[in-house]
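Remarks on the structure that follows.
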Amino acid sequence: TPPWCSAGTMLEFTVKGMGAWGPGFGNWPELLEGIRNGAWVDEAPLKPERIPPRERRRSPRFVKMAVEVMSQACAAADIDPADLAVVFATAMSDMRTNDYMCRVLVDTPAAVSPTKFHNSVNNAATGYWSIATGSHAASNALCGFRHSAGMGLLEAATQVVAERRPVLLVVQDEAAPPPLEHICPSSVDLALAVLLEPVDSDLDSPDRWRLETVADGAEGSVLPQALRDRFAGNPAADLLPFLLAHAAPETGGTAVMLPLNTGLHIRLERGDRKGEAV
């Protein structure tokens, strides 16, 4: 068994920027405003300026969601996106485009749109991002179904520690079209991004987090009531308790549990420079 799949693995990193887009908010501050004051907005515009207009017209909603929150996280951290490695995690990838592909292949296979075909692959979002930012850094796209958020966070944190470089994590899923509702009962689109950076050994900072893999038996962290029904069924929402613990600890405390697989959880705690929880 690889070490990162075993209980007891421990990694440390800092959080430097976040992005969010979904039902009732267009960015992270609007999400917090909705939780605190119920001030949800109508559907936020989705027009990621980083993608050139011609490519933006061809890109599916799923790609635009990802690039929007990735841009937000980079802006919040004031970092050049061309230097960032990327980890993209999704439970079911672009379900709308893949539903289209299956329908057309059954009835009129010769009519498959080449554009939709190349947008159907799991790493389409990271491809658009790499081209738009001119990045030559590594990008990984993974699917772990219901455990995608935890798997994505573990992969990103591992790269941060092993390679001593910042990593941009994106976790997202969309509303499932009717054929897939029984597999992924998500009724909303949700995209989240967080920028992780290596820990400075001399830094005592509230941005510092410790990640530890623990044996099953613990419950995953629960979202505030204001979000529970709003994101019901969307696997990407599993990352929200961690982001909220970082940005707004009053909503759920400073220790977080994320499901990693059927036998492990991730435990996240703020840590001081000695690695002790605070």
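Structure notes:
- Computed label-point distance, nm, for sites VAL106 and HIS136 using a 7 Å Cα→Cβ extension: 4.6
- Between the C-alpha center of segment 32-67 and that of segment 166-238 there is a gap of 18 Å.
- Projecting the Cα atoms of MET101, ILE51, ALA125 onto the charge dipole of segment 4-126 (Cβ charges, centred on the Cα centre) puts MET101 farthest toward the positive pole.
- Residue-count net charge about SER186 - beta-carbon cut-off 15 Å; Lys, Arg +1, Asp, Glu -1: -3
- When only the Cβ of Lys, Arg, Asp and Glu is charged (+1, +1, -1, -1), the dipole of segment 120-220 relative to its Cα centre reaches about 280 debye.
- Proximity of backbone amide H atoms, modeled 1.01 Å from N, is registered between ALA85 and LEU168 at under 5 Å, excluding neighbours fewer than 5 places apart on the same chain.
- Only the Cβ atoms of Lys and Arg (+1) and of Asp and Glu (-1) were treated as charged; on that basis the dipole of segment 8-162 about its Cα centre amounts to roughly 480 debye.
- Of all DSSP bridge pairs formed entirely within the chain, close to 80 percent run antiparallel.
- Computed per residue of the chain from DSSP H runs no shorter than four, each worth -39500 (n - 2.57), the mean residue ellipticity at 222 nm is -9500 deg cm²/dmol.
- Local net charge near PRO235, Cβ-Cβ under 10 Å (Lys/Arg +1, Asp/Glu -1): -1
- 11 Å beta-carbon shell around GLY17, net charge (K/R +1, D/E -1): -2
- Rounded, prolate or oblate (a/c below 1.5 giving rounded, otherwise prolate when a/b exceeds b/c) for segment 1-129 by Cα gyration tensor: oblate
- Descending by average beta-carbon neighbour count within 10 Å, the peptides 17-25, 188-196 line up as 188-196, 17-25, the highest first.
- Where Cα atoms sit under 22 Å apart: lysine pairs in the chain separated by 8 or more or lying on different chains: 4
We did not get these values from a lab; they are worked out from the coordinates using the rules stated. Predicted, not measured: the structure shown is a model, and the values here were computed from it. Cβ sites come from the backbone with ideal geometry, for glycine too, and all protein chains shown count toward neighbours.
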